[in-house]
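Step one of this worksheet: look at the structure below.
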Amino acid sequence: MKKNHRKPREKSPGFERSDTKTEGEELENLILHSDMTRAAACGFFGISPRTLDSWRTGKTRIPLSALRLARARMGGNLAEIFGEKYGEIRANPESMHLPGIKYPIPIGELRAVWIDIQQAADVRAKLSMLSREHAKTRAAADYYRDLIRREAAGGELARWLDIL
C-alpha cells in the first residue's frame with residue numbers, strides 16, 4: 001500500500017508573520033491608546049477574543065498584515081499602508097495632520113472639501129456636455145444659414161443675412 005505524501009502547504013502571497021513576539025506589546029499599546037474596546041478590536045480584526053489574547057500575550061505571533069492594519073487604524077500611520085512617502089501624514093477619527101500645516105484639519109472640514117471636489121467634478125462634466133451641445137447647435141445654425149444664403153443668392157434676404 002502506498003503512503004500518501006502531502007505537499008507542504010503553501011502560504012498565500014503577502015502573508016508574513018511578525019519578526020518577534022514584542023508586537024503583542026505594541027498591539028496592546030495601540031488598543032489602549034485608541035478608543036477601541038476589546039470587543040471592537042475582535043470585530044475589527046475578525047478574530048475571537050481568545051486569539052486577541054494570544055496575540056497580546058505573545059503566545060502566537062500576529063500576522064504582519066493585521067499588525068500593519070492596527071498601526072494604520074489605531075495609530076494613524078499611513079506609511080504602513082501607502083509607503084514611506086506618506087510617513088508624515090497622521091490620520092485619526094477626528095482629524096488629519098498634514099506636513100507643512102501647523103494645525104490638524106478636522107474631519108468636518110475634510111468632508112466639506114470632499115463634497116466641494118465632487119460638486120466641482122459634476123459641474124465640469126455638465127460644462128463639457130453643454131459645450132458639445134453648443135458646438136452641435138452652432139454647426140446646425142451655420143448649415144441652415146448657408147442653405148438660406150444659397151437659396152436667396154442676390155436677393156433682399158441675402159443682404160439681411162449678411163447683417164446678422
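Each reported figure results from applying straightforward, stated rules to the coordinates on display, with no laboratory input. Keep in mind that this is a model prediction, so the values were computed, not measured. Heads up, the Cβs are rebuilt from the backbone with ideal geometry, glycines too, and the neighbour counts pull from every protein chain shown.
Projecting label points 7 angstrom from Cα along Cα→Cβ for Leu130 and Glu94 puts them 4.3 nm apart. Between Thr60 and Asp122, full extension at 0.36 nm per residue minus the direct alpha carbon distance yields a gain of 17.3 nm.
What order do you get for His134, His97 when you list them from fewest to most C-beta neighbours inside 10 Å?
With the sparsest Cβ surroundings first, the list reads His134, His97.
In this simple spin-label approximation, Glu151 and Arg38 carry label points 7 Å from Cα along the Cα→Cβ vector, and these lie 8.9 nm apart.
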